[in-house]
1. Quick one: is B:Met194 of a type outside the set (Asp, Glu) and away from DNA strand C (no atom under 16 Å from the Cβ)?
2. Being at the interface with chain A (Cβ under 9 Å from one of its Cβ atoms), in contact with a helix residue (DSSP H, G or I) (Cβ under 6 Å, 6 or more places away or on another chain) and at pLDDT 85 or above is the requirement here; does B:Glu129 meet it?
3. Of everything in region A:147-165, what is within 16 Å of DNA strand D (Cβ to nearest atom) and buried (at least 18 other Cβ atoms within 10 Å of the Cβ)? Give them in sequence order.
4. Can you name every residue in region B:201-220 that is among the aliphatic types (A, V, I, L, M) and either more than 14 Å from every other protein chain (Cβ to nearest Cβ) or within 8 Å of DNA strand C (Cβ to nearest atom) (or both)?
5. Just name the residue that is nearest to DNA strand D (Cβ to nearest atom) out of those in region A:194-211 that are part of a helix (DSSP H, G or I) and within 18 Å of A:Thr152 (Cα to Cα).
6. Under 6 Å between Cβ atoms, at least 6 apart or on separate chains: pull out the pairs that start in region B:147-168 with a residue that is over 23 Å from A:His107 (Cβ atoms) and more than 9 Å from chain A (Cβ to nearest Cβ) and end on any residue that is of a type in the set (Ser, Thr, Tyr) and part of a helix (DSSP H, G or I).
7. Within the set of pairs 6 or more residues apart or between chains, which connect a residue that is at positive phi and in contact (Cβ under 8 Å) with a residue 24 or more places away in the chain inside region A:200-226 to a residue that is more than 10 Å from DNA strand C (Cβ to nearest atom) and not polar (S, T, N, Q) with Cβ atoms less than 8 Å apart?
8. Do you know which residues across region B:78-110 are buried (at least 23 other Cβ atoms within 10 Å of the Cβ) and among the polar types (S, T, N, Q)?
Protein chains: 2
Amino acid sequence: MGTADNFINLNSASLKTACESCSLHQLCLPLELAHDDIAELDKIIKRTKPLHRGDYLFEMGDPFTSLYAIRSGSIKTFTSTDEGEEQVTGFHLPSEIVGLDAIISSHHPCSARALETTSVCEIPFERLEALGQKIPGLQRQLLRIMSKEILTDQDMMVWLGKKSAEERLAALLLRISSRFRDRNFSAMEFNLSMSRTDIANYLGLAVETISRLFSRFQQEGLLRVDRKYVEITDYEGLRQMAGIAPDCHHHQ
Amino acid sequence: MGTADNFINLNSASLKTACESCSLHQLCLPLELAHDDIAELDKIIKRTKPLHRGDYLFEMGDPFTSLYAIRSGSIKTFTSTDEGEEQVTGFHLPSEIVGLDAIISSHHPCSARALETTSVCEIPFERLEALGQKIPGLQRQLLRIMSKEILTDQDMMVWLGKKSAEERLAALLLRISSRFRDRNFSAMEFNLSMSRTDIANYLGLAVETISRLFSRFQQEGLLRVDRKYVEITDYEGLRQMAGIAPDCHHHQ
DNA sequence: ATGATTCATTGATTTACATCAACTTTATGT
DNA sequence: ACATAAAGTTGATGTAAATCAATGAATCAT
């Protein structure tokens with residue numbers, strides 16, 4: 001399922017740059033970027049060895065130096081409250097960028113851990129900023145990505161503030177499905193890399209509630225669930241459960 | 001209470017630029033910017049006539065052309081769900097910038113209305129972007145502002161997901177207080193420009209709950225409340241009510 | 001001013017979800 | 001392979017906050 005297939009190309013970067021041959025190319029890069037510009041961008045990106053399940057990409061409080069684009073796998077970001085309990089602030093899938101919330105303060109306000117084996121591109125921010133100065137399209141893309149993040153978070157606020165437990169879970173599943181579709185994975189069946197506890201935490205609910213909801217959704221024929229594996233058997237039904245038409249195609 | 005005091009300077013822009021003489025100068029502009037740069041930024045900013053209570057700054061779906069910096073007054077932003085009910089996504093005070101969530105999609109994903117008489121600076125985004133290309137400090141500032149917005153929203157997600165009604169209201173009051181302090185207004189007494197309904201909506205609670213909480217906070221000696229006027233009489237107590245030390249000084 | 005409308009407060013009742021508890025299934029490590 | 005731990009499920013009970021309902025205060029319009 002989308003392993004780090006481009007790793008081999010790295011050193012033998014002959015015809016194409018690694019970025020150009022990456023399957024996430026179209027999602028993670030500004031489409032307007034010229035070949036030469038991509039090559040320049042490619043130069044500043046560091047490819048690090050894959051993370052294993054539970055590995056930290058960075059920890060809350062770490063100095064901020066780089067953004068990270070996810071190539072394969074998945075990441076959860078979370079903050080730790082004073083009392084030590086954690087709050088999941090997001091799940092991040094391939095082509096998405098983590099670390100944007102750190103730009104303001106020069107240290108990471110949240111931690112990021114791999115939910116499964118995950119490979120990322122490290123993008124040193126100083127160099128990205130400098131490059132953005134030269135390439136207008138890149139600068140624009142960066143602003144657009146951040147704008148999208150703001151939009152997603154505001155969307156989430158609406159869900160947390162207004163929606164019932166079943167609406168929240170249904171909406172989350174639809175959003176994940178939609179994101180998989182965007183990456184040309186199956187939108188109708190996938191593995192959830194995160195635990196029920198993480199889902200509950202993210203949605204502001206109790207684990208037991210999530211468990212019960214998965215059971216109910218299955219009983220009602222919306223899903224087939226087997227452990228982490230989820231198959232959406234009634235897409236329209238699930239949409240209705242989510243409170244009608246949250247049109248997840250627009251904002252991830 | 002912070003009226004549009006600089007309006008007169010506009011046409012008689014003799015010695016200083018309007019931006020430079022604005023009381024929000026230090027908050028809304030990058031500190032590193034040189035005099036000439038400020039002058040250039042100043043040129044692209046349009047100052048429009050003040051909005052009155054209830055006036056729209058923009059409506060959901062409107063084409064996105066400009067960001068808006070609030071000079072005085074306050075704005076609420078909100079989305080309308082399919083069923084027509086609104087969800088307040090933020091309250092915005094002087095020096096804060098609204099419209100950042102529209103950059104991605106070229107139209108506004110939310111509406112913005114004045115909560116009281118409010119004056120704003122309109123900043124055409126195209127021109128700002130072009131200017132950012134020339135002035136590195138401006139570009140950086142823009143990214144930092146967006147990063148801060150992401151951080152604030154994620155913070156809000158934590159509150160909505162995890163905190164009790166009393167914690168949410170206490171935290172909101174502290175955050176507002178903190179923002180007033182930053183702008184050199186009194187942090188211990190202020191007028192809430194938004195209605196109880198808006199507060200309830202924003203916090204994902206019922207109006208009645210807000211009402212009861214204001215009464216209780218007053219009974220317990222944390223606040224003195226008279227209609228929109230709020231005086232914090234026990235700051236530490238309010239912090240405790242908010243669930244201990246959300247240190248509101250860092251992230252607005 | 002005066003009635004009409006919107007906004008705010010307070011009480012009584014209901015409910016969605018959390019919490020507590022017991023148990024089962026799936027991972028993990030030696 | 002086995003023991004131990006972690007994660008997930010299901011049921012019983014409790015509770016915070018929503019909803020319903022009635023009344024009072026403030027703002028708006030004529």
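1. For B:Met194, the condition - of a type outside the set (Asp, Glu) and away from DNA strand C (no atom under 16 Å from the Cβ) - is not met.
2. When the stated conditions are applied, B:Glu129 does not pass them.
3. Across region A:147-165, the qualifying residues are A:Met157, A:Val158, A:Trp159, A:Leu160, A:Gly161, A:Lys163.
4. Selection gives B:Val207, B:Ile210, B:Leu213.
5. A:Ile199
6. Sorted first by the residue in region B:147-168, then by its partner, the pairs are B:Ala165/B:Thr209.
7. A:Gly204/A:Leu160; A:Gly204/B:Leu160
8. Across region B:78-110, the qualifying residue is only B:Thr89.
The values are calculated or read from the model by the stated rules, or taken from the named source; none is laboratory data. This is a predicted model, so every value here is computed, not measured. Note that each Cβ is placed from the backbone with ideal geometry, even for glycine, and that neighbours are counted across all protein chains shown.
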